[in-house]
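Beneath this line is the structure, given in structure tokens, with notes to follow.
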């Protein structure tokens, strides 16, 4: 009886831990395919014709993430005040979370040369392998 209870507990624990370790992720969808469903920049931001930022350099991506050689993208919404980004937030990414931190850090360093003040801009950064 005691062995049966121990075996049942061990099997239950293995199933629970296995379920937690299993990641369910949707198949990768390139940015070009997802673009239509992403939020768009505000009319105010579009009217200002904000210069696009530089691509995300490989040096900004942690080595462990680079070794995965996984393509991905991050879409962010932000405001500009005197050309400096504020209120940066991730609105979508795929694979979720993989490039979020490096993309946020990269976006925070962006500077609009015209010193524009505008709200509701959206920028996307794509990493391709």
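The values are calculated or read from the model by the stated rules, or taken from the named source; none is laboratory data. Bear in mind the structure is a predicted one, so any value in this text is a computation, not a measurement. Glycine also receives a Cβ, built like all others from the backbone with ideal geometry; neighbour counts cover every protein chain displayed.
Here are some notes:
- Qualifying residue in the stretch 36-48 (condition: modelled with pLDDT of 90 or more, in contact with a strand residue (DSSP E or B) (Cβ under 8 Å, 6 or more places away or on another chain) and farther than 27 Å from residue 120 by Cβ): no
- Per-region count, the stretch 105-125, residues within 20 Å of residue 61 (Cβ to Cβ) and surrounded by fewer than 17 Cβ atoms within 10 Å (Cβ to Cβ): 3
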